[in-house]
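Worksheet: one structure, shown below.
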Amino acid sequence: MKILLIEDEQRIADFVCAGFREQHFLVEHCPDGNDGYARASQGAYDVIVLDIMLPGRDGLSILKSLRQAGNATPVILLTARNELDDRIDGLNLGADDYLAKPFFVEELIARIHAMLRRISGERQNVLAVGSLKLDRISREVSWAGKSIDLTGREFNLIEYLMRSPGRVFTRTQILEHVWGYDFDPSTNVVDVCIQRIRKKIASLDHSETETSPIESVRGVGYRFHKPGESA
Ligand code: CA
């Protein structure tokens with residue numbers, strides 16, 4: 001799960017980022033409204049956590065522009081205690097939820113989970129392609145009914161590919177989504193991580209009737225294999 005946090009108060013940003021990372025969420029923090037809007041409208045985020053009072057552009061204006069541009073990324077607003085009008089305006093402008101300051105990060109995480117469960121009722125929390133089944137809420141993954149023990153990173157990688165079976169992703173796309181932007185472009189961490197996932201699946205699959213669900217696409221990157229489709 002990749003989250004954009006737009007919040008100018010460093011103290012809040014620090015504890016929210018720490019809490020998110022503990023949950024294996026990938027978080028990008030941005031303390032400025034203009035930059036926040038630019039990132040929110042360009043990047044692929046699963047959730048945007050948006051403060052209202054910001055230097056540059058304020059949160060409600062960011063939200064309004066995103067929704068007007070057809071960006072449907074779930075947004076949770078952070079509001080000050082007495083900003084009731086802002087909460088109402090925010091919801092009217094298309095926020096999915098709000099949380100009043102001060103708050104505990106655990107509460108924010110619970111709200112995010114609840115919000116995603118609600119929004120993705122039909123968007124599927126459980127992905128199942130071929131023998132592989134992945135639960136985005138409980139973060140459990142199984143192959144032919146047998147549980148696979150994946151690290152946070154491995155889970156995020158396979159989830160990213162599995163959300164769009166058949167679609168080819170470049171190493172750079174995978175790096176940006178799963179590792180964030182601070183990476184060395186010559187790194188082979190993606191290949192190493194995929195090898196580890198394949199090994200874990202292979203160790204459970206003694207039938208060898210099914211090929212690895214992650215296909216290498218020569219010179220380009222990787223894709224999640226759509227059963228019934230030739231490589
Ligand atoms: Ca603020």
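We did not get these values from a lab; they are worked out from the coordinates using the rules stated. Computed from a predicted structure; not experimentally measured. All Cβ positions, glycine included, derive from the backbone under ideal geometry; neighbour counts span all protein chains shown.
Some values worked out for this structure:
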| read-out | value |
| --- | --- |
| Global geometry of the range 2-124, whether rounded, prolate or oblate, following the gyration tensor of its Cα atoms and the 1.5 cut on a/c | rounded |
| Relative contact order of the range 127-224, defined on C-alpha pairs under 8 angstrom at six or more residues apart (%) | 29 |
| Coarse-grained scattering of the chain at q = 0.12, 0.18 Å⁻¹, given as base-10 log I(q)/I(0) from a Debye sum over alpha-carbon atoms | -0.71, -1.32 |
| Proximal lysines to Lys101, defined as alpha-carbon separation beneath 30 angstrom and excluding residues fewer than eight positions away on the same chain | Lys2, Lys64 |
| Principal axis box of the range 127-224, alpha-carbon based, largest edge first, Å | 36, 30, 21 |
| Normalised contact order of the chain, rounded percent, pairs of Cα under 8 Å and 6 or more residues apart | 14 |
| Computed [θ] at 222 nm, helices only, for the chain once each DSSP H run of length n ≥ 4 contributes -39500 (n - 2.57) | -11500 deg cm²/dmol |
| Cα→Cβ-extended label distance, 7 Å offset, between Ile119 and Ile137, nm | 1.5 |
